[in-house]
Amino acid sequence: GIEPAVVAGTSAGSVVGALYAGGMDPFALQEHAVALDEASIRDVRLFSGGLIQGRKLQDHVNAQLDARPIERLQRPFAAVATRLDSGERVVFTRGNAGQAVRASSSVPGVFEPAVIGGHSYVDGGIVSPVPVDAARQLGADLVIAVDISNKATGTAPQDMLGIVNQSIAIMGQRLGAEELARADVVIRPQVNDIGPADFTRRSAAILQGERAALAALPRIRARIAELERQRAAALAPRPMPQAEPAPQPVCERGWLEGLNPFRSEDACAAPEQDADRRR
């Protein structure tokens, strides 16, 4: 199989990415997703900066990772979030893994902003829906991007969560397209009709992901082969350049030479030949 050397995630992708980087294989991830109790990661909190506090999600991720910080996971991992006061993209590659995932997943209006080091953070999908650049920062030579970002549906959603999701999708579409162009392979599961908070259709979402990944395998293998050829060519010994022959002296007898009474017949002879004649 093809195993990523590094993992980067934004929003819901940061949850999956952290667990995978922590050692869960794809089968364990699938079992975990199907068995997950929605109440175990949602702590509803009214009259605050969001409907969900996010502490339960943070604790759940840390429990699955045995409280290991990001730098102690089995693979390098990055979670992308948006700093609320400046709007800048922030990439977490060290520290509390659950806290970084919480920051990356804090959908504005749904989750309270996550506070880390005195700064408030919200969903990374606002500035980097698919974190191709974060994967490059981790050292990835070949980036396989999974694009599950919502697209504008063409209709106005009526529920609050739908309005929030569509607003984020509209904001991130252009940025996402620019970043996706820097990926080597893009996998696009057909999940636009499945909301990020729709736990009732998680099995359908997993199935769509499997189908899209299998369809992308030929492109992934071709890109890996191309990259290996490029590396082999760069490491191959280069032939030493051959020395060019030394230029030979050229002697041109002009018409003025015939008027010189002191002209030697061997005026155009090589210096070695002149030396032989003098001996």
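The values are calculated or read from the model by the stated rules, or taken from the named source; none is laboratory data. All values reported here derive from a predicted model rather than from experimental measurement. Glycine also receives a Cβ, built like all others from the backbone with ideal geometry; neighbour counts cover every protein chain displayed.
Checking each residue in region 6-29 for being of a type in the set (Phe, Trp, Tyr) and surrounded by fewer than 20 Cβ atoms within 10 Å (Cβ to Cβ) picks out only 27.
Among residues of region 3-26 that are in contact (Cβ under 8 Å) with a residue 12 or more places away in the chain and in a loop (DSSP other than H, G, I, E, B), those with a Cβ under 6 angstrom from a residue that is surrounded by fewer than 21 Cβ atoms within 10 Å (Cβ to Cβ) and among the polar types (S, T, N, Q), sequence gap 6+ or separate chain, pair up as 23/74. Of note, residue 128 satisfies the criterion of being assigned to a loop (DSSP other than H, G, I, E, B), within 27 Å of residue 142 (Cα to Cα) and small (Gly, Ala, Ser). Taking the listed residues 53, 58, the one that is touching a Gly at 6+ places or on another chain (Cβ under 9 Å), of a type outside the set (A, V, I, L, M, F, W, C) and farther than 20 Å from residue 175 by Cβ is 58, with no other qualifying. Among the residues of region 184-191, is there at least one that is touching a residue at least 60 places away in the same chain (Cβ under 8 Å), assigned to a loop (DSSP other than H, G, I, E, B) and either hydroxyl-bearing (Ser, Thr, Tyr) or over 22 Å from residue 136 (Cα atoms) (or both)? Checked against the condition, which is being touching a residue at least 60 places away in the same chain (Cβ under 8 Å), assigned to a loop (DSSP other than H, G, I, E, B) and either hydroxyl-bearing (Ser, Thr, Tyr) or over 22 Å from residue 136 (Cα atoms) (or both), region 184-191 yields no hits at all. Taking (1) surrounded by 13 or more Cβ atoms within 10 Å (Cβ to Cβ); (2) out of contact with any helix residue (DSSP H, G or I) (no Cβ under 9 Å at 6 or more places or on another chain) in turn, residue 66 satisfies each apart from (1). The residues of region 111-140 that are surrounded by fewer than 24 Cβ atoms within 10 Å (Cβ to Cβ), modelled with pLDDT under 95 and among the acidic types (Asp, Glu) amount to a single one, 112.
For region 222-240, the set of residues classified as closer than 12 Å to residue 184 by Cβ and of a type in the set (Lys, Arg) consists of 223 only.
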